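Notes follow the structure.
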Amino acid sequence: MDDLSVSVRRATSSDAAAVANLASQLAQSFPFSRTRFDASYANLVNTDQARLLLAVDGDAVLGYLIGMDHLTFYANGPVAVVEEILVQPEFRGRGIGRILMSAFERWAVSRNCRLVTLATRRAAPFYVALGYEESAVYLRKVLREPAAQ
């Protein structure tokens, strides 16, 4: 990994600005909103049902992963879902995404999850190289926000 010394840790409230900078690069379906980010961020760092992991080199945040677990019938127990993963463009191809995924998988195992799932549009070869296999088609429906009261 060149001259990098990458480690993965759970995000804290003091990481919000660095993660917001990265998250603003990922948002494609919806415009990035710092106000909404802040509300979501506070909840993500304080819940046990989700993990917001950071790949760091010293104080520099190189990437993040958001994942969570939930109960299912089809898997006979909990499953983990990777919702977002992003590595800064200049650090891609150096194994940082692999390190984040591996850390999340360890968390999922510690939560007795039966499998990890994720949706991707552009990075399927990356996940196949990590042992993931195509399983389903991802469908979505954007919901309207309720009118202001």
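Bear in mind that the values in this text are calculations on the coordinates, not laboratory data. Given the structure is predicted, the values throughout are model-derived calculations rather than measurements. Every residue, glycine among them, receives a Cβ derived from its backbone with ideal geometry; neighbour counts consider all protein chains shown.
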Hey, rough spin-label estimate for Asn46 and Thr72, points 7 angstrom out along Cα→Cβ, what's it come to in nanometres? 3.0
For Glu145, Glu84, Glu105, ascending order of other Cβ atoms within 10 Å (fewest first) is Glu145, Glu84, Glu105
With each pseudo-label sitting 7 Å past Cα toward Cβ, what's the Phe126-Asp3 distance in nm, one decimal? 2.4
Restricting to DSSP loop positions (anything but H, G, I, E, B) with no more than 14 other Cβ atoms inside 10 Å of their own Cβ, which chymotrypsin sites (Phe, Trp or Tyr not before Pro) remain in the stretch 50-111? Phe73, Tyr74
Candidates Thr117, Thr12, Thr35: whichever shows maximal mean-square fluctuation once the chain is modelled as a Gaussian network with Cα springs under 10 Å: Thr35
Taking springs between alpha-carbon atoms closer than 10 angstrom, which of Leu100, Leu26, Leu71 fluctuates most in the Gaussian network model of the chain? Leu71
So if R0 is 25 Å, what FRET efficiency would Ser14 and Glu83 give, r being the distance between their Cβ atoms, rounded to the nearest 0.05? 0.70
Can you check what the net charge comes to around Tyr64, using other residues whose Cβ is under 14 Å from the Cβ of Tyr64 (Lys, Arg +1; Asp, Glu -1)? 0
Let me spell out the model: positive unit charges on the Cβ of Lys and Arg, negative unit charges on the Cβ of Asp and Glu, origin at the Cα centre of the stretch 1-142. What dipole size does that give, in debye rounded to 20? 400
Taking the Cα atoms of the chain, report the difference between the largest and smallest coordinate on each principal axis, in whole Å and largest first. 50, 39, 29
From the Cα trace of the stretch 26-86, what convex hull volume per residue do you get, rounded to a whole Å³? 122
